[in-house]
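The values are calculated or read from the model by the stated rules, or taken from the named source; none is laboratory data. Please read all numbers here as calculations on a predicted model, not as lab measurements. Every residue, glycine among them, receives a Cβ derived from its backbone with ideal geometry; neighbour counts consider all protein chains shown.
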Amino acid sequence: MATGTTTLNGIGASPGIAIGRCWPVDRRKVRTPKRRLGPDEIEPELARFRVALEISDRQLEEVRQKVTATEGTGASEHTAIIDIHRLMLKDEMLVLEVHKLIRDERLNAEWSIKRAVRKIKGAFAADADEYFKERRADVDYVGERIIKNLLGQQVDVEELPPEGAIIVAHDLTPADTALLLHERKVGAFVTDSGAKTSHTAIVARALEVPAVVALGRITTLADKGDWIIVDGTQGVVIIGPTPAERADYEAARERFLVHERELLRTRELPATTLDGATVKLAGNIEFAEEVPSLLNHGGEAVGLYRTEFLYLQRDRLPTEEEHYQDYRRVLEALAPRPVTIRTFDLGGDKLPAGLKAHAENPAMGLRAIRYCLRQPDMFRSQLRALLRASVHGRLRLMFPMISGIAELRAARQVLNDVRDELAREGFDHPLPPVGIMIELPSAALIADRLAREVDFFSIGTNDLIQYTIGIDRQNKDVAYLYRPLHLSVLRLLKQVCDAGREAGIPVSMCGEMAGEPLNALVLLGLGVNELSMNGPSIPLVKRVVRAARAEDGRALVARMLALTQADDIEREVRDEMIRRFGALMEHDSRAGSVPG
Ligand code: PEP
Ligand code: MG
C-alpha cells in the first residue's frame with residue numbers, strides 16, 4: 001500500500017471524477033531473452049514461432065468474440081483494431097523477417113521478433129506525431145503478444161476488476177480496454193503513457209468513463225487496493241487521498257453528476273431563445289464512435305466531422321470503400337438529422353503514413369484544401385465515397401481552409417467531375433449541399449462574394465483567430481494573445497454572419513468558441529444559425545440559449561463593437577452574462593472540480 005498522499009498531473013483524456021480502488025493491469029514491457037541457436041535448433045525454433053503465432057491469433061479471436069458478444073458503443077472500432085492486429089500476425093514483413101533472422105543469423109525467435117518489430121516501426125515516419133506513435137504502439141502490442149506466448153506468460157487481462165475499480169496501467173492494449181469496458185463498469189482509467197487521441201482515451205470519452213493519461217509513473221506509485229481519486233476534467237490523480245480530500249471530491253463528483261443530470265433534462269427541447277430565435281446545437285466528432293455520446297447530450301446534428309483521423313489511424317491510405325462505410329455509418333446513425341462532413345484537413349504536421357514532408361511553417365503551408373488539390377487522387381477517392389454515402393442520410397459536404405474564389409471553384413470542379421464520373425457508372429444522384437469553412441481572414445473579408453457560390457458557411461474560429469492575430473494555436477508562449485473576443489475577430493465574425501444572412505445561407509460555427517457558454521449570447525446576437533461543439537458541452541449552452549433573448553445579444557454585440565481593447569470587450573461580456581445568468585455561469589465546464 002502506498003503511504004501518504006501523492007498528487008500527479010497528466011492529460012485529462014475523458015472528463016468526470018471517479019474515486020475507487022487501484023486495480024493494476026500489468027503491462028510492463030516483457031524482458032526479451034537473446035540467444036544464438038545451434039545448427040540443429042533452427043527448424044524447431046521456426047516451429048516454436050509458428051505455434052506462438054497460432055496461439056496469438058486464437059487469443060485475439062477470443063477477445064474479438066467477447067467484444068462482439070457484449071456489443072456496445074465502440075465495439076466496432078475495437079473489432080477493427082483487433083482485426084488489424086490479427087492481420088499483422090500474418091504480415092510478410094514480420095513473418096519473413098523473423099524467419100530470415102532465425103535462419104541466417106541463428107537468433108532465437110524472441111529476439112528475432114524484437115528486431116523485426118523495430119524494423120517495421122522504423123518504416124513508420126519517425127516523428128513525434130501522436131497518431132504515428134499509436135500505430136507504432138500497435139506493432140509493439142503484437143510483437144509483445146507473440147513474445148509472451150513464446151515465454152508462456154499471461155497475455156490478456158484474465159481476472160476482471162470489481163465494478164468501479166480504477167484501472168492503472170502503463171498503457172492498455174485496445175483489446176484490454178474493450179474487454180474491461182464491455183464486461184464491467186470500471187470507475188476510471190489512468191495510464192503512464194498515452195495521449196488525448198490514444199485509443200483508451202477515445203473509447204473512455206465515447207463511453208463517458210473518466211480517464212487521465214500521460215502520468216509518467218503511476219504504475220510504480222499505486223498499489224492494488226490503494227484509494228485513488230481521478231479528476232478527468234483537470235487531468236489530476238491523487239493516490240492515497242486524505243479523508244478531507246476524499247470528502248471534497250465525493251462532493252465534487254456528486255455536484256458533477258447532479259449538474260449533468262439536471263442539464264440533460266432539457267435534452268429533447270430545442271435551443272430556442274425567449275424571443276423565439278432558434279439555434280441548432282450540433283456536435284464535432286472525429287470518430288464514428290462518438291455519435292452515441294453526441295446524441296445522448298442532445299446533439300441535433302453533426303456540425304463537423306473531421307475526417308482526417310481516418311487517414312491518421314492507419315499506416316496506409318484508406319480505400320474508397322473504407323471511407324464509404326464510415327460515412328454511411330455516421331449518416332445512418334444521425335438520419336434524418338444532417339451530418340456535415342469536412343473533406344480531409346491534412347497537411348503541415350498532420351500527414352498520413354508515407355506522405356510525410358517537412359515544412360518550415362506547417363500552419364501556413366500545404367494543408368487542407370491546398371493539399372487536397374495537390375493530391376487529386378486522394379481527394380477524388382474521398383469525394384466519390386462521400387457522394388456514394390450521401391444516399392444514406394442528410395449529408396452536407398464542406399471544404400476546409402478556403403482562401404478565395406479560385407480555390408473554391410477548383411474544389412467544386414473536382415467534385416463535379418467526380419459526380420459526372422459516378423453518373424457514368426450508373427450512380428446518378430444530385431450533389432448534397434456544399435459549404436466551406438471560414439477560417440482564414442481572406443475568406444472572412446470576402447464572405448459576401450463566397451456566399452454566392454456555396455450553400456452554407458461554417459466558421460472555424462480555432463484557425464480564424466490563429467491567422468487573424470498571428471499566433472500559433474499550439475504555442476503556449478503566445479496563448480495569452482489568443483482572444484476570441486479581440487475586436488478584429490469580432491468584426492470578421494460579424495462580417496461573415498451578415499454576408500450569410502444577406503445571401504440567405506446558414507452560418508454555423510464549429511471552432512471551440514462555439515461551445516463556451518460565456519459566448520452564447522454574443523453568438524446569438526451575431527445571428528449564428530448553428531453552434532457545433534463537443535457533445536458534453538451541448539446541454540449547458542442549450543440552457544443559456546433557452547434563458548436568453550436574441551435581442552439582448554444584438555444589443556451586447558453593438559456595445560462590444562464600440563469598445564476597442566479585448567480586456568474591455570471581455571469584461572463587458574462577462575459582466576452581462578453573470579448579471580443575466582449568474583447561476584448558470586458558475587456551472588461552467590469545470591463544474592464539479594475541486595477549487596484550489
Ligand atoms: C477550426 O479551425 O476552428 C476548426 C474547427 O477546425 P480544426 O480545429 O479542425 O482546425
Ligand atoms: Mg481549422
Filter result (touching a helix residue (DSSP H, G or I) at 6+ places or on another chain (Cβ under 8 Å) and modelled with pLDDT of 80 or more) within the stretch 64-89: Arg64, Ile82, Asp83, Ile84, His85, Arg86, Met88, Leu89
State all residues of the stretch 435-462 that are within 13 Å of ligand 2 (Cβ to nearest atom), in a strand (DSSP E or B) and touching a residue at least 40 places away in the same chain (Cβ under 8 Å); if no residue qualifies, say none. Met437, Ile438, Ser458, Ile459
Within the stretch 235-254, is there a residue that is modelled with pLDDT of 90 or more, crowded, with 23+ Cβ neighbours inside 10 Å and under 26 Å from the mean Cα position of the chain (by Cα)? yes
Could you check, for the stretch 461-481, whether at least one of its residues is at pLDDT 95 or above, more than 12 Å from ligand 1 (Cβ to nearest atom) and buried (at least 22 other Cβ atoms within 10 Å of the Cβ)? no
Residues that are part of a helix (DSSP H, G or I), within 15 Å of ligand 1 (Cβ to nearest atom) and touching a strand residue (DSSP E or B) at 6+ places or on another chain (Cβ under 9 Å), drawn from the stretch 360-408: Pro362, Ala368, Ile369, Arg370, Tyr371, Cys372
Are any residues in the stretch 251-295 among the polar types (S, T, N, Q) and either part of a loop (DSSP other than H, G, I, E, B) or under 22 Å from Leu524 (Cβ atoms) (or both), and if so, which ones? Thr266, Thr272, Thr273, Thr278, Asn284
